[in-house]
1. If we count other beta carbons within 10 Å of each Cβ, what is the order of GLU115, GLU200, fewest first?
2. With equal scatterers on the alpha carbons only and no solvent term, can you work out the Debye log10 of I(q)/I(0) for segment 46-135 at 0.23, 0.25 1/Å?
3. Given 0.36 nm per residue, what is the gain on full extension from GLN221 to ARG16 after removing their alpha carbon distance, in nm?
4. Fewest to most neighbouring Cβ within 10 Å: what's the order for SER88, SER97, SER108?
5. Within segment 54-82, list the residues whose amide N lies under 14 Å from a label point set 7 Å along Cα→Cβ of ASN110.
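What follows draws every value from the coordinates through simple rules; no lab data is involved. No experiment lies behind these values; they were computed from the predicted model shown. Positions of Cβ are generated from backbone atoms using ideal geometry, with glycine treated the same way; all protein chains shown enter the neighbour counts.
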Amino acid sequence: MSLTPQILLSINLPTRQTVQEGYVQARDTIRDRLLRELEKNGFAATWIVHDHQLQDTYELLQQADSPQEFSVFVDTTNNSTQRTTLSSQLTNLMERSRNMGVRVTTLSVNQRIDESNLNLLVRNKISLVNYFCGTRRNLRSVKSLEPSSLRFGIWEVPAPLQWVQQLSNPVRELVLKSVIRFKSKRPLQHIQIDIQSMLENKTPVTKFAKLLQAFQRMRRQGRIDVTPLRSSVTLLRQLQIRESTHLPAA
């Protein structure tokens, strides 16, 4: 049985405090318009929220007519205090999200999590780790990597194509490049929209709308499916089971 190629959509949402002065209203406008474009095309994305008060999560929930997915961000840069940070901040964020009625299974971080700390993710029912939150300024383009399995059934999200950085190419070309990569054993392509970069580059939301329209046409043709990050875990586990059942006998 062949697998339908999956495009994984994520949106990196900076806090109001971290955008440039005078850009807060523009940030909110882009956020709201991205949500409308997603819903217009019948898509859900993973919103990577950096606001630990989860105000953005609350506001998006109030506006959304259909379910969206949320991933909380925790700064894990300092390895010496990583366990303490995860233990306190992650537990607090998960409790806040549950009180809102939001199920969070994807954790976004900016530094690899030490293997000895992965049990904290299991304790908080995290099944997916995203190490890619926003554009990497030291790289011209981040190409999608294969997802990988960590301990305890936790998966690592593949690196995204940084969509804002790819806008020198026509949207159609980006879509076709994505589909070419689906010849991989793991038919996943992570595309991330970074709102900070959209602000800095004055990227119009109409560009994003055209991308979604292209994906919508391809989905109707049965060529792809478009999902948030969490949906990839089910597919990855299916692939893992399939590969293990096809191992040659010793």
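1. GLU115, GLU200
2. -1.19, -1.38
3. Values: separation 205, 0.36 × 205 = 73.80 nm, distance 3.91 nm.
Extra length available between GLN221 and ARG16 comes to 69.9 nm.
4. Taking fewest neighbouring Cβ atoms as first place, the list is SER88, SER97, SER108.
5. The answer is 73-79.
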